[in-house]
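Single-structure report; data block below.
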Amino acid sequence: MNQLFKSNSGLSSIHIRNTDLSLDLARLSDFIWQPINAFTLNQIEFDWLTDSDSLTRKLQKIAPGFHVCLLTDGWKFSTTVTNTEPSANRQVLLCDDDKPLVLGLTEVSQDALMQEKSLLDWSEKPLGELLFSDNSAPYRVFEIADFTQSSYLMDWLAKWCADTIPPHLWGRRCEIQYHSAVLKLTEIFLPKHPLYGVSL
């Protein structure tokens, strides 16, 4: 078992959900996001953080053991995410075997979710397979954040991750239209991701 999951051999989506590892998104809602040109990035970081194609599809090409671990059992409903209207969020880890590479967060209004049955019924498959099912790469405008500045996320990672955290822990967010629903996607690139020069 890779050191990224400390002593949790055989970790699965069911086991992860039972340990309640899902994030309190209200704790991240006031985080400072900036346009990508506000940061000095190397070429590898820039390429990963600005790629509008499906992140799922990109990881599947390079990670032979790619799979999804659910942190929430389907959609988690809340009124305290980023808006006052009822919202829903779905949280996953995109992994290569036992190495979590990306923490993926999807937020949508409850009303919009209820109108899109294909979204509502989506199970353990990566959401990217649904959003990019026509193989297109829609233009997206990304905002970037350095999550090493979030003590809440650092504490969350410390529960399950190795002690080594890169100097910057990059995340990006954007909005994407899926039929009648507007989804807010947040992707946090975890320490074992190749964006940080790690070989898979």
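The figures follow:
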| quantity | calculated |
| --- | --- |
| Those lysines that a straight Cα-Cα span of less than 19 Å connects to Lys125, excepting residues fewer than 8 apart in one chain | Lys58, Lys61, Lys76, Lys99, Lys117, Lys184 |
| Estimated Rh, region 31-196: Kirkwood, alpha-carbon pairs, angstrom | 16.5 |
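None of the figures in this text is laboratory data; all of them are computed from the coordinates on show. Small disclaimer: the values here were computed from a predicted structure and weren't measured.
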